[in-house]
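Worksheet for the structure shown next.
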Amino acid sequence: MRFKHIWIIILFSIVLVSLLISRMYVSKVYAIINWSDTLDSYVDITTYKYDVQNYTNILVGKIHDICVTFVNATNQTSLQVYNVTANSTNFINIQNGIAVTANNTYYTLIPNNTLSFDVVYKQNILNNSIINIEMVVYKYSISDCNRDDIVDVFDAVLMGTTFGGTNVIYDMNKDGTIDVFDAVLLGNHFGETS
């Protein structure tokens, strides 16, 4: 009888671990956008370019995780400064030809909001440069906290552990606080997939 209980506990543990592993991060690529930024050849002058690229999340009830990656550049060593920012998030930072900010910076974009990418650059030679950038957009339900492609009890647990906090991923209605209104929104989307 005692061995039966041990086997039940072991079997339950294996099922639980398998379930948790199957719920790990699942990336749902919604779009891949490549763009090139041509830099005019001004020597030792800091240049600002606004709205180089814009991206708007038009999907109701879906959030987008935006990942911007520096791919390559012509005359990269001539870049004294090259920064790509959007909504106060620094996606790419190159100093003296070397990438300082690691790639794969993510930004969570809620429905009906736009990222407007701005560029600041400075070169040390009189030569045009072309910067190639890739933006990958991942799509999730607005209540899918752990990004596993389904709104379920694991999302509720994650949100519950941050209740009263300000983590933007768990703040479903984006009012600045994780509260009962976020829990209701999660409940409304329970069972939903991307």
Any pair with Cβ under 8 angstrom, 6 or more apart, that starts in the range 29-45 at a residue that is over 19 Å from Asn128 (Cα atoms) and ends at one that is aromatic (Phe, Trp, Tyr): Val29/Tyr138; Tyr30/Tyr138; Ile33/Tyr55
- request: Evaluate the following for Asp155: is it in contact with a helix residue (DSSP H, G or I) (Cβ under 8 Å, 6 or more places away or on another chain) and surrounded by 14 or more Cβ atoms within 10 Å (Cβ to Cβ)?
  value: yes
- prompt: Among the residues of the range 154-171, which ones are in a loop (DSSP other than H, G, I, E, B) and either farther than 15 Å from Asp65 by Cβ or not aliphatic (A, V, I, L, M) (or both)?
  reply: Thr162, Phe163, Gly164, Gly165, Thr166, Asn167, Tyr170, Asp171
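Could you check the range 69-133 for strands (runs of 3 or more DSSP E) lying wholly inside it with 3 or more residues that are in contact with a Phe, Trp or Tyr (Cβ under 9 Å, 6 or more places away or on another chain) and free of Cβ contacts under 8 Å to residues at least 40 places away in the same chain?
79-86, 89-95
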query: What residue, among those in the range 134-153 that are of a type in the set (Asp, Glu) and not in a strand (DSSP E or B), is farthest from Asn90 (Cα to Cα)?
result: Asp152
message: Out of everything in the range 39-54 that is assigned to a strand (DSSP E or B) and modelled with pLDDT of 85 or more, what residue ends up being farthest from Asn87 (Cα to Cα)?
response: Thr47
- prompt: Restricting the range 70-94 to residues that are among the hydroxyl-bearing types (Ser, Thr, Tyr) and under 15 Å from the mean Cα position of the chain (by Cα), which is surrounded by the fewest Cβ atoms within 10 Å (Cβ to Cβ)?
  reply: Ser88
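The values are calculated or read from the model by the stated rules, or taken from the named source; none is laboratory data. Keep in mind it's a predicted model, so treat the numbers as computed, not measured. No Cβ is skipped: glycine too gets one built from the backbone with ideal geometry, and neighbour counts run over all protein chains shown.
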